[in-house]
Amino acid sequence: MPVEDPKAGNILEKIAARTRERVEAEKQEVPLAQMAERARAAAAAELAASPDGAFAFPFEAALRAPGMSFICEVKKASPSKGLISPEFDPVAIAREYEAAGAAAVSCLTEPFWFQGADEYLTAIAGSVGIPVLRKDFVVDEYMVYQARAIGAAAVLLICSILNDEQLKAYVSLAHELGLTALVEAYEPEEVPRAIAAGARVVGVNNRDLRTFEVDFGRSIDLRPMVGPERVFVSESGVETRADVARLETAGVDAVLIGETLMRAPDKRAMLDDLRGVGEKGTAAPAAAASAPTPAAGDPAPAGPRVKLCGLWRDEDVDAVLEAAPDYCGFVVDFPRSHRSVTPERAIELGCALAESGITRVGVFVDEDPETIELLVLAEAIDAVQLHGHEDEAYVRGLRELLDTTALGRAARIIQAFKVRSADDLAAAENSAADLVLLDNGQGTGEAFDWSLLAVDAPTRPARPFILAGGLTPENVASAIAAARPFGVDMSSGIESPAADGSPAKDAQKMIDAVAAVRAAGKE
């Protein structure tokens, strides 16, 4: 693996030159016409499966979700640092990113300096439900067709190595194939070029590839030039929560993070740290809800998050402490449910779990926002789950209310959707909530058609989701394999008949449920 001296000329020009040689060799194996045919066939298949006959552009859609979006990079090596990941499993890394709530994956396919491969991207795209960016040094239309053919949802176009005619042609071709073009600028004069080429997603590289120095002032200074109608991505050099916070303040929509995550032994915990999960007043991005911060030295759980819901007895609190899920929930002031508790009782239960590290969720059905605010101010809940007929205006109003509470605590909002058809999933996709929960109803204990959420299903939402409805310790692994959710939520499936015959939480089932999810996450 070669390691270039950053002072030995412009490494970007060297990579581009070698890429041109590589493309010419690849054309000998698969001619341009054949590669274009493969790409157009993949695009046609997507259109045929689309409910409205249009491309979904999932990469762009994921980055337009509220809050900061994280594009997490799968990268084996780099020109300046050499080998980054000796034990490199691209699919496992991508799955870890997905489970952590990444909006998208970036996969290096450049084989010489970055030791990437097209096969890595194809394997990742077939294994995760979030969109994948082909990160390479596009110098020929052949590579745009190639990106579509190998399974990418987006392609990187770098202004520094393309002229205006190439930029415009490649952006247009990408859109024609259903690919998002992430057009990267570095110099200020490159931003108008990207916009003129038709870019809907513009990135600014904070790293000068001539010196490898990082300056976040690049993104901050150039952000206003892109305008609010386009997605703005800050690329390279993000290492700390302070870096992310600085970019958030500047109005950046998404960050692309590579080496920081690749070197982290626990990528999920690192991504939580970068989001500021656990910080007072810091909201999580739409791609993921709040998660408990692991105790010092403790690894974050692998795989999907698990929520045990419907606690109402003191013994339920003891049981959930032993089971140690990521989330627990209380159904507040909903008499139709046998699990319902009063707001006062919810405060008692929530405060009993205050030091547990488990994210406490208040579940509400068409509740007065002031009642919800009361529980947040009492520090009884960390997140709010809406399970009624709350519309977008309600969600946005509640968000504004909770963001301005006296304590400055930004409780996360989870909105539940009863899934009957693709239309319900489309509504969930567009929710203003931080996270969505997909269910069969209000505690029915029945599952809906999980095939709607399959990785290759056109109905699958581009954003992460919690899966609920009919889940038990026995079937939750199958549900995770079928739907690959961000998290799972169980309530009736962790209950057994009490002495009087009424359903009650079963401590052993709660332990078994968490164990089953953890085991599924390792597979």
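The values are calculated or read from the model by the stated rules, or taken from the named source; none is laboratory data. Please read all numbers here as calculations on a predicted model, not as lab measurements. For neighbour counting, all protein chains shown are included, and Cβ atoms are generated from backbone atoms with ideal geometry for every residue, glycine included. Protein only, heavy atoms only, side chains kept; ligands, DNA and RNA dropped before computing areas. Shrake-Rupley method; radii C 1.70, N 1.55, O 1.52, S 1.80 Å.
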Q: Report yes if some residue within segment 159-171 is within 27 Å of the chain's Cα centre (by Cα) and in contact (Cβ under 8 Å) with a residue 40 or more places away in the chain; otherwise report no.
A: no
Q. What is the one condition in (1) out of contact with any Gly (no Cβ under 7 Å at 6 or more places or on another chain); (2) among the acidic types (Asp, Glu); (3) within 28 Å of residue 235 (Cβ to Cβ) that residue 73 does not satisfy?
A. (1)
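Residues are listed down the side, and each one gets a yes or a no for (1) touching a helix residue (DSSP H, G or I) at 6+ places or on another chain (Cβ under 7 Å); (2) surrounded by fewer than 21 Cβ atoms within 10 Å (Cβ to Cβ):
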position: 439; (1), (2): no, no
position: 457; (1), (2): yes, yes
position: 474; (1), (2): no, yes
position: 488; (1), (2): yes, no
position: 506; (1), (2): yes, yes
position: 512; (1), (2): no, yes
position: 517; (1), (2): yes, no
Q.
For segment 475-506, give me the residue count where each residue is free of Cβ contacts under 8 Å to residues at least 12 places away in the same chain and charged (D, E, K, R).
A. 1
Q. Based on what the data block shows, is residue 110 in contact with a strand residue (DSSP E or B) (Cβ under 9 Å, 6 or more places away or on another chain) and surrounded by fewer than 24 Cβ atoms within 10 Å (Cβ to Cβ)?
A. yes
Q: Return the residue satisfying two criteria in turn: it lies in segment 204-219 and is part of a loop (DSSP other than H, G, I, E, B) and either buried (at least 16 other Cβ atoms within 10 Å of the Cβ) or acidic (Asp, Glu) (or both), and of such residues it is modelled with the highest pLDDT.
A: 206
Q: Run down 144, 155 and say which single residue is open to solvent by less than 30 Å² (accessible area, probe 1.4 Å), farther than 29 Å from residue 486 by Cβ and outside any loop (DSSP other than H, G, I, E, B).
A: 144
Q: State whether the residues of segment 119-128 include one that is in contact with a strand residue (DSSP E or B) (Cβ under 7 Å, 6 or more places away or on another chain), in a helix (DSSP H, G or I) and touching a residue at least 40 places away in the same chain (Cβ under 8 Å).
A: yes
Q | segment 176-203: number of residues that are without any contact (Cβ under 8 Å) to a residue 24 or more places away in the chain and surrounded by 15 or more Cβ atoms within 10 Å (Cβ to Cβ) | A | 0
Q: Kindly list, by first and then second residue, each pair from a residue in segment 220-232 that is farther than 11 Å from residue 251 by Cα and modelled with pLDDT of 90 or more to a residue that is of a type in the set (S, T, N, Q) and open to solvent by 50 Å² or more (accessible area, probe 1.4 Å), limited to pairs with Cβ atoms under 9 Å and residues at least 6 apart or on different chains.
A: none
Q) Restricted to segment 1-29, and to residues that are out of contact with any helix residue (DSSP H, G or I) (no Cβ under 7 Å at 6 or more places or on another chain) and aliphatic (A, V, I, L, M), which residue is modelled with the lowest pLDDT? A) 1
**Q.** Filter result for residue 237 (small (Gly, Ala, Ser), under 20 Å from residue 69 (Cα atoms) and part of a loop (DSSP other than H, G, I, E, B))
**A.** yes
Q) So, in segment 129-141, of the ones that are in a loop (DSSP other than H, G, I, E, B) and touching an Asp or Glu at 6+ places or on another chain (Cβ under 9 Å), which residue ends up modelled with the lowest pLDDT? A) 129
Q) What do you reckon, is residue 366 of a type in the set (Asp, Glu), exposed (fewer than 15 other Cβ atoms within 10 Å of the Cβ) and in contact (Cβ under 8 Å) with a residue 24 or more places away in the chain? A) yes
Q: Scan segment 59-93 for residues that are among the aromatic types (Phe, Trp, Tyr) and open to solvent by less than 30 Å² (accessible area, probe 1.4 Å) and report the count.
A: 2
**Q.** Candidate set from segment 253-282 (those that are outside any helix (DSSP H, G or I) and touching a strand residue (DSSP E or B) at 6+ places or on another chain (Cβ under 7 Å)); member that is modelled with the lowest pLDDT
**A.** 258
